[in-house]
Every structure is written in structure tokens, then in C-alpha cells.
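Everything on this sheet refers to the single structure shown next.
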Amino acid sequence: MKKLLLNRTNQVLGVFLILCIGFTVSIWARSNGSINGKTSSNSGGCNCHYTSSSSDTQVSIAADNGSFSVTPESTTNYTITVTNTGVNAAGIDIAVATTETGNTLAGTLSPATGSGLQVTGSELTHSSPKDLDGNGEAEFKFSWTAPSEPGEYYIRAIANAVNDNGSSDSGDEWNWMTPQVVTV
């Protein structure tokens, strides 16, 4: 009887350990920005954080040179600002595509030094949640090298403003940026 009870206890502890490791990996995967492919408004968004987008999270873009018209193969610096005054930090996924909602990506994205961004596939994602400043803003700086083919391209982003408690998605608020057309 003791042996049976000991085996059952070991089984329960083993299952508990596996669940703890799985939960820890799940949190880490979200906080390190390894999730991409969500920038299109028909992607479903950050539905693991909440079922719908929130207008409390604002996502805007500015070109360092003030223009969204570039020459083929040129490199332009951009800043995306995530604003939400009700939370502590933000993460982001950035892509440039050939259409507003399609999957064909174009050009080359590069994170600025110290931006908190990393290359994930052909997109940029945060390497860890970025603290919001006193105005409830976090800036993500990057550059985009335009393709050689002239045309219109769409800078797209999705941001998640988070409570940064590391254990619950309750209170997290995500939203898409309105796609920014860049004319090459």
C-alpha cells in the first residue's frame, strides 16, 4: 500500500512539474517577442491576451525624415510609438508587406541599436517588454531598406500594452497600427 501511494505521489509531482515548466515556457515565449505574423488586421491579433483589440492602446508611426516616399533600395529610419496610460510596458510585432492584409513581406527590416527589437523571421519583434515612460509611451526605432521594385508597400504593426505582471494576461490591451503606405 505504501509503495502504491508513493508511486501515485511521484506521478502527481511529475505532472505538476511538467505543467510548471510548460507554463513558464509559455510566459517566456510571449515576453520575448517570439510570436510574429500578427500584423495584418485579418490575423486574429493578440487573441491569447484578449479576444479583441483595445482603443486604449494607440500605435503610431513617424519617419525620421518626415516622408513616406522613398527611392528604391534606400534605407529609411522609423519610430513606432505605443501609447497606453493604464499599463506598465509594451511589446510589438512589425512587418512591411506588399498589401494591407496579405502575407508577402517586402524589403528588409533592421532594429536600431538599443531599440529593444530583434529580427524574428522577416519581421521585427520586441526582445522583452519595454517599459512605458511617464506619458504612457514606448518607442520602437528601426530602419527599412526598400525593395528595388517601385510600388506601394505597407508598414504594419501590432502592439500589446501589458500590465507586466508575468502571470496573467488580464489587463493587457493590444491593438493594430493603421497600416502606413510607403511609396517606393
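The values are calculated or read from the model by the stated rules, or taken from the named source; none is laboratory data. In this text the structure is predicted, and so the values were computed from the model without any measurement. Note that each Cβ is placed from the backbone with ideal geometry, even for glycine, and that neighbours are counted across all protein chains shown. Ligands, DNA and RNA are excluded from the accessible area calculation, which covers all protein heavy atoms including side chains. Shrake-Rupley method; radii C 1.70, N 1.55, O 1.52, S 1.80 Å.
Is there a residue in segment 98-107 that is of a type in the set (Val, Ile, Thr), open to solvent by less than 50 Å² (accessible area, probe 1.4 Å) and under 30 Å from residue 151 (Cα atoms)? Among the residues of segment 98-107, not one is of a type in the set (Val, Ile, Thr), open to solvent by less than 50 Å² (accessible area, probe 1.4 Å) and under 30 Å from residue 151 (Cα atoms), which makes the answer no. Here is the figure for segment 71-86: residues that are open to solvent by less than 20 Å² (accessible area, probe 1.4 Å) and in a loop (DSSP other than H, G, I, E, B) total 1. Only residues that are of a type outside the set (S, T, N, Q) and assigned to a loop (DSSP other than H, G, I, E, B) were counted across segment 116-153, and they come to 12.
Scanning segment 102-132 for residues that are of a type in the set (Gly, Ala, Ser) and closer than 24 Å to residue 88 by Cα returns 112, 114, 115, 116, 127, 128. Taken over segment 86-107, the criterion of being closer than 20 Å to residue 162 by Cβ and either modelled with pLDDT of 95 or more or touching a strand residue (DSSP E or B) at 6+ places or on another chain (Cβ under 6 Å) (or both) is satisfied by 87, 89, 90, 91, 92, 93, 94. I'd like to know if segment 109-121 contains one or more residues that are open to solvent by 30 Å² or more (accessible area, probe 1.4 Å), touching a Gly at 6+ places or on another chain (Cβ under 6 Å) and either on the phi < 0 side of the Ramachandran plot or of a type in the set (Asp, Glu) (or both). No, because not a single residue in segment 109-121 is open to solvent by 30 Å² or more (accessible area, probe 1.4 Å), touching a Gly at 6+ places or on another chain (Cβ under 6 Å) and either on the phi < 0 side of the Ramachandran plot or of a type in the set (Asp, Glu) (or both).
The set of residues in segment 126-150 that are over 13 Å from the mean Cα position of the chain (by Cα), open to solvent by less than 60 Å² (accessible area, probe 1.4 Å) and closer than 19 Å to residue 75 by Cβ comprises 142, 143, 144, 145, 146, 147.
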